[in-house]
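Participant: Quick one: the structure is below, questions incoming.
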Amino acid sequence: MPRIGIDLGGTKIEGIVLADDGAIESRRRVPTPAGDYAATIDTVAALVLELERDCDVRCTVGVGTPGALSPATGRMRNANSTCLNGQPLDADLGQRLRRRVRIANDADCFTLSEARDGAARGATSVFGVIIGTGTGGGIVIDGRLLQGPNAIAGEWGHNPLPWMTDAERPGPPCYCGKHGCVETFLSGPGMAHDYATATAAASSRAAVDIVERALAGEIAAGQCLARYHDRLARALASVINLLDPEVIVLGGGLSNIDSLYIDVPARLPRYVFSDVVRTRLVRAEYGDSSGVRGAAWLWGVEENERGLPAD
């Protein structure tokens, strides 16, 4: 039975119909109603019905969102699409669609997609990393998404950068209210801030520009990229020391830096508490589509074979 995945982004909402073999049977994209929760519910519900008309069958529905549902209140929290915060998104969508709707953080959906049939297929333990405008993470064990009692499993970006040097302390301020979070160093804006600070530049450059300058031989950009490699190795080593995953999958805009997959594994043995590092560091197979695919996979094949849950 097909399943629908919805990627609820800040500027667009993408929906797909995913078959049991992982093939995408239909795909649609619509603009996200900016700052309007009621209109967002209407848009998602209409998109689901359009996708069901495409495949002429009633489907399960999974939604990947910025932020996550609070296990205490059942309402959204920490979403950069702020109109979602404080709202019972799954309940409202479920009522509108007359079925249960599963919701997970977009980083969790990314990880589930890559573990299910992407770059980490077949691995029993997977840590998924998104490095872009921010940093996100997710954990999949034996094919199942780990969310935890606080619904924060995989939130590595708001731990402090490990083994800080004197030059790094106390670290840049983070929107969470602390200093020196992994996100402040390893996000795209974090790389830009590091380059601007090191060069005393009047304005910061985008991370992609810094990488291009490094490849062209600019010394300051090359040094910035080397610092990024080392900081990513430190941050991932702390994950390996705690979780010891078989595979770490990188996604997000900065995951396209080819040197990460050479230099970071070479640095990991300096920080991992072991005489061997067998964890594989790989690039996401599905790229920007991993989130919407993972939302669809929130409903497993076995559950689809048993049929949809009762309304």
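Participant: Considering the stretch 207-240 alone, what residues qualify as being in contact with a Gly (Cβ under 7 Å, 6 or more places away or on another chain) and closer than 17 Å to Thr184 by Cα? Break it down into steps so the answer makes sense when it comes.
Facilitator: Start the filter on the stretch 207-240 by keeping residues that are in contact with a Gly (Cβ under 7 Å, 6 or more places away or on another chain), which leaves 207, 214.
Residue satisfying the conditions is Ala207 alone.
Participant: Could you tell me whether any residue of the stretch 240-256 is over 21 Å from the mean Cα position of the chain (by Cα), of a type in the set (A, V, I, L, M, F, W, C) and at negative phi?
Facilitator: no
Participant: Does Gly217 fit the bill of being out of contact with any Ser or Thr (no Cβ under 7 Å at 6 or more places or on another chain), closer than 25 Å to Gly154 by Cα and without any contact (Cβ under 8 Å) to a residue 12 or more places away in the chain? Quick ask: steps written out before the conclusion?
Facilitator: Values: out of contact with any Ser or Thr (no Cβ under 7 Å at 6 or more places or on another chain): yes; closer than 25 Å to Gly154 by Cα: no; without any contact (Cβ under 8 Å) to a residue 12 or more places away in the chain: yes.
Spelling it out, it is not the case that Gly217 is out of contact with any Ser or Thr (no Cβ under 7 Å at 6 or more places or on another chain), closer than 25 Å to Gly154 by Cα and without any contact (Cβ under 8 Å) to a residue 12 or more places away in the chain.
Participant: Right, something else. State yes or no: is Leu242 without any contact (Cβ under 8 Å) to a residue 24 or more places away in the chain, assigned to a helix (DSSP H, G or I) and out of contact with any strand residue (DSSP E or B) (no Cβ under 6 Å at 6 or more places or on another chain)? Give the steps one after another, and end with the answer.
Facilitator: On the way: without any contact (Cβ under 8 Å) to a residue 24 or more places away in the chain: yes; assigned to a helix (DSSP H, G or I): yes; out of contact with any strand residue (DSSP E or B) (no Cβ under 6 Å at 6 or more places or on another chain): yes.
Yes.
Participant: Another question about this same structure. Step by step: first the residues of the stretch 189-217, then only those that are among the charged types (D, E, K, R) and more than 17 Å from Gly134 (Cα to Cα), then the one that is surrounded by the most Cβ atoms within 10 Å (Cβ to Cβ). Which residue is that? Let's see the steps before the verdict.
Facilitator: First, pick out the residues of the stretch 189-217 that are among the charged types (D, E, K, R): 194, 205, 209, 212-213.
Going one step further and asking which of them are more than 17 Å from Gly134 (Cα to Cα), we end up with 209, 212-213.
On the way: Asp209: 13, Glu212: 13, Arg213: 18.
If we take residues in the stretch 189-217 being among the charged types (D, E, K, R) and more than 17 Å from Gly134 (Cα to Cα), then Arg213 is surrounded by the most Cβ atoms within 10 Å (Cβ to Cβ).
Participant: Further question: For the stretch 10-29, what are the residues that are surrounded by 18 or more Cβ atoms within 10 Å (Cβ to Cβ) and either of a type in the set (Asp, Glu) or more than 19 Å from Ala296 (Cβ to Cβ) (or both)?
Facilitator: Glu14
Participant: Shifting gears a bit: Could you tell me which numbered condition Tyr175 fails, if it satisfies all but one of (1) assigned to a helix (DSSP H, G or I); (2) of a type in the set (Phe, Trp, Tyr); (3) without any contact (Cβ under 8 Å) to a residue 40 or more places away in the chain?
Facilitator: Checking Tyr175 against (1) assigned to a helix (DSSP H, G or I); (2) of a type in the set (Phe, Trp, Tyr); (3) without any contact (Cβ under 8 Å) to a residue 40 or more places away in the chain, the one that fails is (1).
Participant: In the stretch 5-23, how many residues are in contact (Cβ under 8 Å) with a residue 24 or more places away in the chain and not in a loop (DSSP other than H, G, I, E, B)?
Facilitator: Here the count works out to 10.
Participant: Still on this structure, please answer the following. Suppose we filter Asp7, Asp42, Asp56 for residues that are loosely packed, with under 13 Cβ neighbours inside 10 Å and either outside the structural domain of Gly136 (by TED's automatic domain parsing) or not acidic (Asp, Glu) (or both); which single one remains? Break it down into steps so the answer makes sense when it comes.
Facilitator: Values: Asp7 fails: loosely packed, with under 13 Cβ neighbours inside 10 Å; Asp42 fails: loosely packed, with under 13 Cβ neighbours inside 10 Å.
Of Asp7, Asp42, Asp56, the one residue that is loosely packed, with under 13 Cβ neighbours inside 10 Å and either outside the structural domain of Gly136 (by TED's automatic domain parsing) or not acidic (Asp, Glu) (or both) is Asp56.
Participant: Go through the residues of the stretch 30-37 one by one and say whether even a single one is surrounded by fewer than 15 Cβ atoms within 10 Å (Cβ to Cβ) and β-branched (Val, Ile, Thr). Steps first, please.
Facilitator: From the stretch 30-37, those surrounded by fewer than 15 Cβ atoms within 10 Å (Cβ to Cβ) are 30-31, 34-36; that's our starting set.
Narrowing the set further to residues that are β-branched (Val, Ile, Thr) leaves 30.
Yes, that holds for at least one residue.
The values are calculated or read from the model by the stated rules, or taken from the named source; none is laboratory data. All figures in this text were calculated on a predicted structure; none of them were measured in a lab. Backbone-built Cβ (ideal geometry, glycine too); neighbour counts: all protein chains shown.
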